[in-house]
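Written out below as structure tokens is the structure these notes cover.
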Amino acid sequence: MSRKILVVGAGQSGLQLALGLQSNGYEVTLMSNRTADEIRSGRVMSTQCMFHTALQHERDLQLNFWETQAPRIEGLGVSVAAPGSHDPGPTQRAIDWVGKLDGFAQSVDQRVKMAGWMETFAQRGGQLVIHGAAVSDLDYFSRTYDLVLVSAGKGELVSMFGRDADRSPYSEPQRALAVAYVHGLGVRPEHPDYDAVRCNLVPGVGELFIMPTLTTSGRADILFWEGIPGGPLDAFRDIKNPSEHLALTLELMEKFTPWEYARATKVELTDANGTLAGRYAPTVRNPIGRLPSGGAVLGVADVVVANDPITGQGSNSASKCAASYLSSILDHGDKPFDEEWMQSAFDRYWDTAQHVTKWTNTMLQAPPEHVLNLIGAAGQLQPVADRFANGFNDPSDFENFFYDPEKTGAYLASVTA
Ligand SMILES: Cc1cc2nc3c(=O)[nH]c(=O)nc-3n(C[C@H](O)[C@H](O)[C@H](O)COP(=O)(O)OP(=O)(O)OC[C@H]3O[C@@H](n4cnc5c(N)ncnc54)[C@H](O)[C@@H]3O)c2cc1C
């Protein structure tokens, strides 16, 4: 007997799950509040850099449609502005290194990927419903489907899922986010031979991330400021005009990361929808949403575990959550998808997700001395740089050398020896 599953929300997790279930013979309905064309011509949503494990989940489902076109990100660099006055700003880097990734990373603009995947889902016979679901809709659908999965991101439907206070240390946003997609960025004079994500840390102020992407107009680069709220980077709130957004992005680069500004003097926006600004509080929620009539739905990815993008993990986690839930659904066969199963499916995902949340919430704080030592040592010890970079693919490894000063010390001693 074919099992009927409703997926609400067509982002990384919802589409990957819908396509995966579809190819395993499930009868899948996908509900999206926007059409593929609206997504493709709409605003950018993320920087969506995905590392090897998350990309491999897409390959396993043969959904890596853009792999040959998207830039291969082979390294991850960390630069730290030297302490001192920010007026006119730091011109020196106290730390500057790049770690090599074991497997390459890629960023495919979600406008390209989600629109393409949505069209594939429909072409393969999937039922696509364009509708912004409300709780009352889900109440009805939970009675007509074997399982309802809510993968609607950080939107209004999260109100159905209670906040897990023990796993959510922050109740307020920890960074103000500002993204600009550009053409015309030059290469860094150092390490010009391969693409890398560039993490620029400006202590006490925020972070600038730069990475290549594949967007609607081909290869581009993303300039992404994460500003500590109330600080000098928290300046995008009232900017509505994309040119002003880019001008401010560059002005802040000139002031706080002049080594990056030097290669950005000729950039222009990829398109009028190539900017994004916003903020949200990182939140873990209870995975089961209960409906007025007593039915239950299972939350997916950002709905249940939303981390700050400072560590670039949300799309990676959405892919990992979709892969984990797909396995849990397949393993469950014909048995009912009751609340006990929903909780066990989430717990299985949380085995991985907890490491992402712990690491990301740690990175939002000022680094303790042993972490500063570790990041500094990576400049002299290439294996340390490489291991840190590969932690973005598998953050559980940070347990072994990052949080505990003794473990950090022992690790550095072992590398030095
Ligand atoms: C500025 C920024 C930079 C980021 N950079 C990175 C990065 O470099 N690497 C990384 O891994 N992650 C990054 N992320 C996080 C990543 O984009 C998200 O975590 C990821 O997209 C979450 O996937 P999702 O499937 O849970 O939800 P989403 O991608 O948010 O998809 C949810 C979908 O549901 C739709 N929807 C919402 N409400 C409804 C409704 N009621 N009915 C129907 N449809 C609905 C939405 O329109 C959307 O299409 C970044 C995020 C931001 C904001």
So if each residue of separation counts as 0.36 nm, and I subtract the Cα-Cα distance between Leu381 and Thr68, what length gain in nm does that give? 109.4 nm
Could you work out what % of the accessible surface of the chain is carbon and sulfur, using a 1.4 angstrom probe and leaving DNA, RNA and ligands out of the count? 49 percent
With the dipole of the chain worked out from charges on the C-beta (+1 for Lys and Arg, -1 for Asp and Glu) around the Cα centre, which of Val179, Gly231, Ala122 lies farthest toward the positive end? Ala122
Given Pro203, Gly9, Thr360, which one lies farthest toward the positive end of the charge dipole of the chain, if we put +1 on the Cβ of every Lys and Arg and -1 on the Cβ of every Asp and Glu? Gly9
Calculated P(r) of the range 34-177 - Cα pairs past 20 Å, %: 69 percent
Within the range 23-58: backbone nitrogen closer than 17 Å to the Asp334 label point (7 Å, Cα to C-beta): 25-27
Comparing Asp166, Asp351, Asp404 in a Gaussian network model of the chain (Cα, 10 Å), the one with the largest mean-square fluctuation is Asp166
Enter the Cα centre distance for the pair the range 268-342 and the range 152-210, rounded to the nearest angstrom. 18 Å
Any idea what the relative contact order of the chain is, in percent, if you count C-alpha pairs under 8 Å spaced at least 6 apart? 22 percent
Label-to-label distance, nm, for residues given as Asn241 and Asn373 (7 Å Cα→Cβ offset): 5.1 nm
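Sequence gap at least 6, Cα distance under 8 Å: using those rules, report the relative contact order of the range 292-382 to the nearest whole percent.
Relative contact order of the range 292-382: 35 percent.
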Residue-wise, which Karplus ³J(HN,Hα) couplings in Hz belong to the range 297-303, taking 6.51 cos²θ - 1.76 cosθ + 1.60, θ = phi - 60°, and x for glycine or proline? 10, 9, x, 10, 6, 4, 4
Once both labels are modelled 7 Å past Cα along the beta-carbon direction, what's the Ser2-Arg348 spacing in nm? 2.4 nm
Total lysine pairs whose alpha carbons fall under 23 Å of each other in the chain (8 or more apart, or interchain): 14
Sorted by chain and then number, the residues having a modelled amide H within less than 5 Å of the amide H of Gly231, at least 5 places away or on another chain, are none
Subtracting the Cα-Cα distance of Val415 and Ala122 from 0.36 nm times their residue separation yields 100.3 nm
Kirkwood hydrodynamic radius of the chain, from inverse mean 1/r over distinct Cα pairs, in Å: 22.1 Å
Once you put a point 7 Å from the Cα of Lys407 and another 7 Å from the Cα of Asp139, both along the Cβ direction, what distance in nm separates them? 4.7 nm
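The values are calculated or read from the model by the stated rules, or taken from the named source; none is laboratory data. Only a predicted model underlies this, so the values are computations on that prediction, with no experimental measurement involved. No Cβ is skipped: glycine too gets one built from the backbone with ideal geometry, and neighbour counts run over all protein chains shown. Heads up: the accessible areas ignore ligands, DNA and RNA and are worked out on the full protein's heavy atoms, side chains in. Shrake-Rupley method; radii C 1.70, N 1.55, O 1.52, S 1.80 Å.
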